[in-house]
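Structure first, then comments.
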Amino acid sequence: MANYPFFCIPKGGTLDTARGPKEGALPTILCIDDDPKILELQANILQTSGYEVLSAADGPAGIALAMEHTVDAVVLDFMMPGMHGGQVAEVLLRERPAVPIVMCTGFFDAVPEWLRWFAAGVVQKGDGPGALLALLQGLIAAKKKSARASDGDQGTHRNHAA
């Protein structure tokens, strides 16, 4: 049996979409994959690892969730019927450029070179949950550090303006 990385399903609770994640709130991961078994497995692993999870079974549903909710990262399958992962990534990169996209695929060679450059990371489904979890943890930590630095900069600017 292949080891698959984890994806997401809502765990309950609420998202404050107007203000973004609250201090102490669980990081929210949006997972998009056409295989419901993969989504379920990934949701279990991510939730157990402390993430709030949203899931979508296709590209259009994933894009809609990304527009409706504040998410900290997107885990995106590449080979999907209809709208493939590259097309979904193009929309997300344009509409939500600050949200990192992690490509998670069983077909690494099918992922176009441009997408490998613009994605925050690419993992193969056979790499197991540890590879995806480590990548997400690093992305979330970097995002929090950047947000703290921005908050500090804004405080400095306010002091100079006063």
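Every number in this text was worked out from the coordinates using simple rules, so none of it is lab data. Quick caveat: nothing in here was measured; it's all calculated off a predicted structure. Backbone-built Cβ (ideal geometry, glycine too); neighbour counts: all protein chains shown.
In terms of other Cβ atoms within 10 Å, D77, D58, D109, D33 run from fewest to most in the order D109, D58, D77, D33. For K125, a cut-off of 18 angstrom between C-alpha atoms picks up these aspartates and glutamates, skipping any fewer than 8 places away in its own chain: D33, D34, D35, E40, D58, D77, D109.
Once backbone amide H atoms are built at 1.01 Å from N, V123 has M103, C104, T105 as its partners under 5 Å, excluding neighbours fewer than 5 places away on the same chain.
Do any GluC sites (Glu not before Pro) in region 21-80 lie in a DSSP loop with no more than 13 other beta carbon atoms within 10 Å, and if so, which? If you can, show how the numbers build up before the last one.
Values: sites: E23, E40, E52, E68; in loops: E23.
Here the sparse-neighbourhood loop sites are E23.
Can you give the relative contact order of region 28-161 as a percent, counting alpha carbon pairs under 8 Å and 6+ residues apart? Don't skip to the end; give the middle numbers.
On the way: 178 pairs, mean separation 26.8, N = 134.
Relative CO of region 28-161 lands at 20 percent.
What percent does the relative contact order of region 72-132 come to when contacts are Cα pairs within less than 8 Å and at least six residues apart? Relative contact order for region 72-132 comes out at 34 percent. Among the chymotrypsin sites (Phe, Trp or Tyr not before Pro) within region 85-139, those in coil by DSSP and having at most 13 neighbouring Cβ atoms inside 10 Å are F107.
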